[in-house]
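Student: Below is one structure. I have some questions about it.
The values are calculated or read from the model by the stated rules, or taken from the named source; none is laboratory data. Note that this is a predicted model, so its numbers are computed, not measured. Every residue, glycine as well, gets a Cβ built from its backbone with ideal geometry; the counts of neighbours run over all protein chains shown. For accessibility, only protein heavy atoms count, side chains too; no ligands or nucleic acids. Shrake-Rupley method; radii C 1.70, N 1.55, O 1.52, S 1.80 Å.
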Amino acid sequence: MAEWSIALPWKGSNWVTGSGVRIPVSPPVFYHYKLSVKITLMTSKYIQQLSNILKMLENIDHDLNLVGYNETEKKIFYTIANNIHTNKKCNITNVIESSGFSRSTVYKAIKQFEKQGLVTLIQSKDDKREVYLDLVIA
Amino acid sequence: MKYFIQVTLTTYIAALLVYALWSYITFSGPNQGWVGSLVYLPHGPRVILYCFFGIRSLPALFLAETTGPALVYGDQYPDYWAIANISSLLSVVLAVEIIKWSRVTTFNYSIMKKINFSNYKFLILVIILSALFNSIFTNLIVGLFNSDMQINVIVVFRFFIGDIAGAFIFLIYLMIMFQLLSKRRLYKVFKD
């Protein structure tokens, strides 16, 4: 006689309503197979070797200093050019606002552009504190 | 197997394309072949493809180096050139193994271990060493089979310089292509 009044008479039996516990179904095998094939394709040795060739070319590029400007500097330069084209004038604050980069990053990039002779800084006649940027057309 | 097929197709197409370009430039001029050997472009893909794809690229490289001249020369293509092709491929293999053995890349020498050629300095070493071996071995083989051919130090030196110059020009070409690709990618980023 079981101590618990609602206990089942034997282990093999079940309630009429069934157990509340739901065992989740096993994950679909096909999905995993497809995923693994995809990953294998993506990380195949062939692609790895091709990317190694590109890496080698990138290293040569970097060492020969053929790529003088990084993506941030290029974006800042593009912003300056765009501002000058649309507003006819551009100051440093405009560049900071439009590009979304920090003041120091923008200053550093502009300094480099000035050094390379890509950009000139022109002091405003009305307000001596304000400096406008202009592109140097070779 | 899939990797082997991918490597074979890439290697064969790349090597044959470069050979076709080189032969077009060389044989369209009046000094057939002589000037061309001063800038032997096919040495570039030979070294780069072997360095990156390893031993699996050798059959395709051999096929490309055999079918290329066979298409240009037709019936006049001498059979012993196939042996010369093998020697030029083996000179690249030898150069890579010597660099491995010299332990400038890794401290433990193993024939199975690969060098990381992303460091292009090793690649340049392979280009120079393989050009040296290729100029010596290939001329020796050609001289052995064809006694009419004049093989001397100047010819060997010409082959040596030609292989190095050709490989470097091929590398510069690849770099220009790489620049174009990266610029295209940047253009897309800006547009977005």
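Student: Enumerate the pairs (first residue in region B:114-128 and facing chain A (nearest Cβ under 10 Å); second residue anywhere and assigned to a loop (DSSP other than H, G, I, E, B)) with beta-carbon separation below 7 Å, excluding pairs fewer than 6 apart on the same chain, so at least 6 apart or on different chains.
Tutor: So the pair list comes out as B:F122/B:T105; B:F122/B:I115; B:L123/B:F117.
Student: Name the single residue, out of those in region B:15-31 being in contact (Cβ under 8 Å) with a residue 40 or more places away in the chain and not β-branched (V, I, T), that is farthest from the other protein chains (Cβ to nearest Cβ).
Tutor: Only one residue fits best here, namely B:F27.
Student: Go through the residues of region A:121-135 one by one and say whether even a single one is free of Cβ contacts under 8 Å to residues at least 12 places away in the same chain, acidic (D, E) and open to solvent by less than 80 Å² (accessible area, probe 1.4 Å).
Tutor: Yes; the residues of region A:121-135 include at least one that is free of Cβ contacts under 8 Å to residues at least 12 places away in the same chain, acidic (D, E) and open to solvent by less than 80 Å² (accessible area, probe 1.4 Å).
Student: While we're on this one: Going through A:K74, A:K115, A:K111 one at a time, which residue ends up being within 10 Å of chain B (Cβ to nearest Cβ), of a type outside the set (S, T, Y) and part of a helix (DSSP H, G or I)?
Tutor: Unique residue meeting the criteria: A:K74.
Student: Sticking with this structure for a sec: With B:A70, B:A82 as the choices, which residue is assigned to a helix (DSSP H, G or I) and closer than 18 Å to B:I13 by Cβ?
Tutor: B:A70
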